[in-house]
Each structure stands twice: as structure tokens, then as C-alpha cells.
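A quick write-up on the structure given underneath.
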Amino acid sequence: MTSNRKLRGLATLFGLALVVNVLAQDVATVGYTNLAKLDLLSMPSDVALGAGGQVYVVDGGNHQIAVFDAAGTRVTSVGMHGDEDGQLIGPVGIGLSDRGEIYVADRGNQRIVMFAADGSPRRVIDLEEDGEEATPTDVAVSPNGKELFITTNNSHRVLVYSNQGNFLRAWGGEGEDPGQFRFPGAIAVDRAGNVYVVDVLNSRVQKFDSSGNILGVFGKRGGQPGTFFRPKGVAVDSGGRIYISDSYLGVVQVLGPAGDFLYAIGDANGTTVFETPVGMAVDGRRLLVTEMLPGRVQILELQQ
């Protein structure tokens, strides 16, 4: 609790003007019903939705994936602490295939770990680039389940591997130009196979086709609607709307397919402030928001 108070104090000192800019304006919002809160997690960073409504949470502090049923009841966990097959050290990201295969960005071991739908370990993909180990920050799966898109912090790039573990291609590099990154984080793939990357320190989200050709750059640093201070999570719904969480400002904004600001997630009192929101997942009107410091995932039903 003390550390949370300190963080809020720092946010007040250094970011109050930005927060006020976001919250004080006549910002369009969409209301919601809070369906559930999944608690008792340690430093969760990402979340994914299974075809049957199951919820998979990257429970990083406990070095595992926590699994909940559609009603929010915890049913099992996948993985444990260690560096052997099926073990994890500080996992940070997750991607699911349509067949229920679970891919985990195992940051501490610098690899991707694949689990079958039943949670049994299946494959380890060690990440390497130019002869050096690559540190993953997130992983997303192509619509056909055959390709994995992986963001890396140390090389500021997107790596693409086959689901069998073969390196295919890469793009990016450190910088501020379109197509470059400064510490890329969360990554998502839409139904058409387009790839969305949170470019954290450039305060934006970039959209690519599956070959790495840039299709759009959304946002810049700021506290106004459609701008970001520290974006951390991204999700795309079936209508092409882009959901972006800002961990510093504590808000979730929604952009249209072309990157235009649509609304923030809000309630009767205006824009909702989350506590360190990071990874998200969306399915229809259901939006899941991971909050790292409180150690929980909120499940919301949007009124849209």
C-alpha cells in the first residue's frame, strides 16, 4: 500500500497537468458495467481471452499464467518458476492461437514458451538476433496460427518466428521515425493480420502489415485526447477499433481504424482512471484491463 501511495504522489508531482488536461475536457466517453475483478495476482502485465471465454493472465510476480473461467473463478495455473521446459521467469506477454495454444513471452529466460491448450508444455523458442539473445516484451499470434510476432526491448524491433520456432523476418530498430521504435511493448494482431505495436517511449502506436510495411502512426506525447504519455497496452476489436491504455495517466482511449480519437472508457462521473493499466483484451463488448500495481484484471461490459 505504501508503494502505491508513493507512486500516486509522484504522479501528482510530475504528471498532474497532463492528467487534468485529459480529465477536465469535455471528452467523449462510453459507459460500462463492471462484471468482475480478478484479484490476488502479483505484477500482472497482460491478459488474453480464450474461445470459450476463459481468461489467461500473465501473473509475472508468481512466474505463471493464471487461468480463470468465463465467470471469473480461478481454475488453474500454467507454468512455474524456473528455466527448464515449461517453466518461466518473469513472464510479461501472452498470445493465444485459435486452437487454444498458449504462447508466453518468457522475459527472464529470453524466449517464447508454448503450452498446449491443456497447459502442458510443448515447445521452447530461444530468441536470438545477430548472435545475441533477444529480450521479449510481448507476443501475438497470426490469424492462421502459423506466425508469432514478438517485440524486443534490447534491439527495439519486431521479430517474426514460425510457430515451429524458425526465424522468418524482422523489422524496426531504435529511433523516432515511422517504422522505428524506442522500447516497443505490447503487440496485437487484428483479424486481417495487421500488426499493432505500442512504441512506449515515442508515446504512440504503430500499425504494420504482416511483412512490416508501415500502415499508420497513431498518437504522440501529450495529455489531450488522442495523445499519450506512457502507452502500455493495445487491443483491437472486430470493428477495427484500437484500445490503448496509458499506464501513467491511468486512462484507456479508443481510436478508430484510421487512428482518430473516438472516446475514452468512462462512467457517469466522466473518464475512468485506472491504476497502472497495461495489457488488455477485447471480445465484442467485453473489455479486460490489467492493472499492474493493484494486482488485478477488471472485466468490463461496454455500453456501445
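Odds and ends about this structure:
- G239 satisfies every condition listed in (1) at pLDDT 95 or above; (2) over 16 Å from the mean Cα position of the chain (by Cα); (3) surrounded by 18 or more Cβ atoms within 10 Å (Cβ to Cβ) except (3).
- Residues of the stretch 180-203 classified as aliphatic (A, V, I, L, M), open to solvent by 40 Å² or more (accessible area, probe 1.4 Å) and farther than 21 Å from S142 by Cα, total: 1
- Tally, over the stretch 282-304, of residues that are in a strand (DSSP E or B) and open to solvent by less than 10 Å² (accessible area, probe 1.4 Å): 9
- Residues in the stretch 67-81 that are open to solvent by 40 Å² or more (accessible area, probe 1.4 Å) and of a type in the set (F, W, Y): 0 in all.
- Options Q64, Q54; residue that is of a type outside the set (D, E, K, R), touching a residue at least 24 places away in the same chain (Cβ under 8 Å) and surrounded by 17 or more Cβ atoms within 10 Å (Cβ to Cβ): Q64
- One residue from S142, S155 being under 27 Å from G90 (Cα atoms), at pLDDT below 95 and surrounded by 18 or more Cβ atoms within 10 Å (Cβ to Cβ): S155
- Selection within the stretch 243-258: residues that are touching a residue at least 40 places away in the same chain (Cβ under 8 Å) and out of contact with any Lys or Arg (no Cβ under 8 Å at 6 or more places or on another chain). The member of this set that is surrounded by the fewest Cβ atoms within 10 Å (Cβ to Cβ) is A258.
- Within the set E147, E84, the sole residue that is open to solvent by 40 Å² or more (accessible area, probe 1.4 Å), farther than 23 Å from L168 by Cα and modelled with pLDDT of 95 or more turns out to be E84.
- Any hit, the stretch 267-277, residues being over 30 Å from G90 (Cβ atoms) and free of Cβ contacts under 8 Å to residues at least 40 places away in the same chain: yes
- Selected residue (criterion: nearest to the chain's Cα centre (by Cα)) from residues of the stretch 172-227 that are more than 19 Å from N153 (Cβ to Cβ) and in a strand (DSSP E or B): V189
- Checking each residue in the stretch 262-281 for being of a type outside the set (F, W, Y) and assigned to a strand (DSSP E or B) picks out L262, A264, I265, G266, D267, G270, T271, P277, V278, G279, M280, A281.
- Answer from P136, P143 - the residue that is of a type outside the set (A, V, I, L, M, F, W, C), within 25 Å of A235 (Cβ to Cβ) and in contact with a helix residue (DSSP H, G or I) (Cβ under 9 Å, 6 or more places away or on another chain): P136
- Residues of the stretch 113-139 satisfying the condition of being surrounded by 20 or more Cβ atoms within 10 Å (Cβ to Cβ) and of a type in the set (D, E): D138
- Residue, farthest from G212 (Cα to Cα), within the stretch 153-179, restricted to residues that are touching a Lys or Arg at 6+ places or on another chain (Cβ under 6 Å) and among the aliphatic types (A, V, I, L, M): V160
The values are calculated or read from the model by the stated rules, or taken from the named source; none is laboratory data. The shown structure was predicted, so the numbers you read here are calculated from the model rather than taken from an experiment. In this analysis, Cβ positions are derived from the backbone assuming ideal geometry, glycine residues included, and neighbour counts consider all displayed protein chains. Side chains included, ligands, DNA and RNA excluded: accessible areas come from the protein's heavy atoms. Shrake-Rupley method; radii C 1.70, N 1.55, O 1.52, S 1.80 Å.
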